[in-house]
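These notes concern the structure reproduced below.
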Amino acid sequence: MNDAELDKFHQLLQKQRDELKASLQLALQSTATVELDQASVGRVSRGDALQAQSMAVETSRLKQQQLRKISMALSLIESGDYGYCKSCDQEIDHRRLEIDPASTMCVPCASKQE
């Protein structure tokens, strides 16, 4: 992979990281504790609020997981190991990296793992 391609993927990863961080900040507001006072909130509304909170917590967890993948990919760029499959050490197809620049496995190895 040449320097221009590495720079392109580096910029894509940084953009994704920044967008995820901003989105995560907004999601944290949705994970606030749900008030359980039935006098102010009905049972159905409270149930809806608890479900929404649970979904927000899971969404935040998935975003944090994606942030870790992006950070790993950025560190691989820094070390010069970006773009190689962590399983077979073959170069990952650029089309796969275009779709998900944080990919760490080639398609055949990822298919075997699933």
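So here's what we get for this one:
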read-out	value
Failed item, numbered, when Val44 is tested on (1) assigned to a helix (DSSP H, G or I); (2) at pLDDT 95 or above	(2)
In the range 23-41, the residues that are hydrophobic (A, V, I, L, M, F, W, C) and either at pLDDT 65 or above or in a helix (DSSP H, G or I) (or both)	Leu24, Leu26, Ala27, Leu28
Cross-chain or 6+ apart pairs with Cβ under 8 Å, the range 1-26 first and farther than 16 Å from Asp81 by Cβ, then modelled with pLDDT of 95 or more and hydroxyl-bearing (Ser, Thr, Tyr)	Arg17/Ser71
Filtered residues of the range 89-114 (kept if in a helix (DSSP H, G or I) and either on the phi > 0 side of the Ramachandran plot or basic (Lys, Arg) (or both))	Arg95, Arg96, Lys112
The range 67-91, subset polar (S, T, N, Q) and in contact with a Lys or Arg (Cβ under 9 Å, 6 or more places away or on another chain), residue farthest from Leu6 (Cα to Cα)	Ser87
Enumeration of residues in the range 69-88 that are over 17 Å from Gln16 (Cα atoms), in a loop (DSSP other than H, G, I, E, B) and hydroxyl-bearing (Ser, Thr, Tyr)	Ser87
Total residues in the range 1-22, condition touching a Ser or Thr at 6+ places or on another chain (Cβ under 9 Å) and either polar (S, T, N, Q) or modelled with pLDDT under 95 (or both)	0
Identity of the residue in the range 63-114, under 12 Å from the mean Cα position of the chain (by Cα) and exposed (fewer than 12 other Cβ atoms within 10 Å of the Cβ), that ends up farthest from Lys8 (Cα to Cα)	Gln65
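The values are calculated or read from the model by the stated rules, or taken from the named source; none is laboratory data. Keep in mind it's a predicted model, so treat the numbers as computed, not measured. Neighbour counts are summed over all protein chains in view; Cβ atoms, including those assigned to glycine, are modelled from backbone coordinates with ideal geometry.
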